[in-house]
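Undergrad: Below is a structure I'd like to ask you about.
Rule-based calculations on the coordinates, nothing more; no lab input. These numbers come from a predicted model, not from an experiment. Positions of Cβ are backbone-derived with ideal geometry, glycine not excepted, and every protein chain shown enters the neighbour counts.
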C-alpha cells in the first residue's frame, strides 16, 4: 500500500511538473514577428524553452510508464493505446525542440547580416516557425488528447479517482482538442485569448489532479481488489 501511495504521489508531481515545464517552454522571442532578430538576442530564453520542452517529453513518457501497470487490468487495449499515444506525443515534443534550436541557429546566422542570404534565411525561418507551431500546438496536442481520452476513460472504469474528476478531464480534453483543430484550420491563432480560454479547464484539472494524487492518491482498495 505504501508503494501505491508513493507512485500516486510521483504521478501527481509529474502532472504538476509538466505544467511548470510547459510554462518555461514558452519562448516569446520565437513567437514574435521579429523572431529572426529576437531569438538570437534572447539565446538563453530559447535554450531554457528547449530544455523545458525536452523535460516535458520525459514527463509525458514517465506518466505513461507509471500509470500503465495500474490501469492495464481495467482495459488492456485502452491502456496500450494510452501509453502508445503518450510516447508519440513525447516524440513530437522532441522534434519540436529540435526545430526550436534550428530556429535559434538560423536567427544567429541572420543577425550576421549577410546581404546575399537574408531572403533565403527568412524563407527557411518562416518554414521552420510554421512547422514548430503545427508540431507543438496542433499535432502534439491532438496526440496527447487522444492519450488523455483513453486515460480518463480508464480512470472512470477503474474508479481510482472520483468520477467527477475524470469527467472534468474528458470535458477539458475535448476543449483542448477543439482549440488545436481551430488552429489547424486557421480559425484562431496560437496564443490568443480564444486559444488560451479553451485550454484553461485542462490546465486547472492537471493542477488539481496533481495535488489530489500527491495528498490523496489513487483508491488503494480498487487497486488491491483487482490484483
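Undergrad: Does residue 200 fit the bill of being exposed (fewer than 15 other Cβ atoms within 10 Å of the Cβ) and out of contact with any strand residue (DSSP E or B) (no Cβ under 6 Å at 6 or more places or on another chain)?
TA: Judged against the criteria, residue 200 is a match.
Undergrad: Moving to a separate point now. On the phi > 0 side of the Ramachandran plot, touching a helix residue (DSSP H, G or I) at 6+ places or on another chain (Cβ under 8 Å) and crowded, with 18+ Cβ neighbours inside 10 Å: which single residue out of 217, 210 fits that description?
TA: It is 217.
Undergrad: Search the stretch 180-204 for residues that are on the phi > 0 side of the Ramachandran plot and pair each with any residue that is surrounded by fewer than 17 Cβ atoms within 10 Å (Cβ to Cβ) when their beta-carbon atoms are under 8 Å apart and the residues are at least 6 apart or on different chains.
TA: Short answer, once both residue conditions are applied: 191/31.
Undergrad: Could you tell me which of the residues 67, 101 is in contact (Cβ under 8 Å) with a residue 60 or more places away in the chain, surrounded by 14 or more Cβ atoms within 10 Å (Cβ to Cβ), on the phi < 0 side of the Ramachandran plot and in a helix (DSSP H, G or I)?
TA: The unique qualifying residue is 67.
Undergrad: Can I ask one more? If you go through the stretch 1-36, how many residues are touching a helix residue (DSSP H, G or I) at 6+ places or on another chain (Cβ under 7 Å), touching a residue at least 24 places away in the same chain (Cβ under 8 Å), under 15 Å from residue 128 (Cα atoms) and in a helix (DSSP H, G or I)?
TA: Qualifying residue count for the region: 3.
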